Amino acid sequence: MRILLTNDDGINAPGLAVLEEIARELSDDIWIAAPEEEQSGKSRAISLTQPVRVRKVGAKSWAVAGTPSDAVLLAAKDLMPETPALVLSGVNRGQNIAEDTSFSGTVAAAMFGMQLGIPSIALSQAQNFRQRGSLPWETAKAWGARTLKPLLEIGWPDDVVLNVNFPDVEPSDVKGVQITRQGFRDETIIHTDRREDLRGNDYYWVGYRSRLSRPDEGTDLRAVYEGYVSVSPLHVDLTHEAFLSRLRGAWPG
């Protein structure tokens, strides 16, 4: 099975090396196309107004001076001799759960693979829930192939992307795997930090607070908080079906 690896943390990210270890438990035909620099939070952006340059870094590996979606597009359509059978995106440094999924370049790369007709999975390693700076890559290594193999055997619809999040606990403390739905936090954790440069001008950092919410049972949030690997089937259709019916019924005429 020919597998394409990508991410949004960049070609030199430790999570990409972790992903390669996971992928090699599934296949020996591994290809890599990842952004030259970190592209976190870029979502599904593609480069339409400037050229995208590519740097070969190995026999089957390229650094792409663009977004995660650019990397998947170029790899599948130009760089690789054949279309991959599977796209794996990650392993992201930090969780991609709840409303984070709409910002995530990791999830977006998998979405673009799906758009090209390639089964795709996004993988992320949660961090900072136990303590500041906690990032147990060993958990993703230990549970990566163990989680992916059953998913590949079961399969999934063409319009679905699988979103896998490993909890911020040691491998031996993982309670198992839960199949979940996307959750939503009961309070916002994104924030801005205003600072002043040496010339007296304001500038801002945008970031996240590592604050737990009170998520519903069966959500990705709840599973990761409680020490489970979360697997959520996502898709691009953003239509709110319940309100669609109500709006059609209430519209004049």
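The values are calculated or read from the model by the stated rules, or taken from the named source; none is laboratory data. Predicted, not measured: the structure shown is a model, and the values here were computed from it. Using ideal geometry, Cβ is built from the backbone for each residue, glycine included, and neighbour counts are taken over all protein chains shown.
Could you tell me whether any residue of segment 223-243 is at pLDDT below 80 and exposed (fewer than 12 other Cβ atoms within 10 Å of the Cβ)?
Filtering segment 223-243 down to residues at pLDDT below 80 leaves none.
Looking through segment 223-243, none of the residues is at pLDDT below 80 and exposed (fewer than 12 other Cβ atoms within 10 Å of the Cβ).
Any idea which residue in segment 12-43 is modelled with the lowest pLDDT, counting only those that are of a type outside the set (Gly, Ala, Ser), in a loop (DSSP other than H, G, I, E, B) and buried (at least 18 other Cβ atoms within 10 Å of the Cβ)?
First pass over segment 12-43, keeping only residues of a type outside the set (Gly, Ala, Ser): 12, 14, 16, 18-22, 24-26, 28-32, 35-39, 42.
From the residues that got through so far, the ones that are in a loop (DSSP other than H, G, I, E, B) too are 12, 24-26, 28, 36-39, 42.
The next check asks that each one be buried (at least 18 other Cβ atoms within 10 Å of the Cβ); those that pass are 36, 39, 42.
On the way: 36: 97, 39: 92, 42: 85.
The residue in question is 42.
Among the residues of segment 2-58, what is the count of those that are of a type in the set (Gly, Ala, Ser) and within 12 Å of residue 123 (Cβ to Cβ)?
2
So, in segment 60-90, of the ones that are in a helix (DSSP H, G or I) and touching a residue at least 60 places away in the same chain (Cβ under 8 Å), which residue ends up surrounded by the fewest Cβ atoms within 10 Å (Cβ to Cβ)?
76
What do you reckon, is residue 52 surrounded by fewer than 24 Cβ atoms within 10 Å (Cβ to Cβ) and of a type outside the set (Ser, Thr, Tyr)?
Criteria met by residue 52.
For segment 104-211, give me every one of the strands (runs of 3 or more DSSP E) that falls completely inside it and has 2 or more residues that are crowded, with 16+ Cβ neighbours inside 10 Å, of a type outside the set (Ser, Thr, Tyr) and at pLDDT 95 or above.
120-125, 161-166, 176-179
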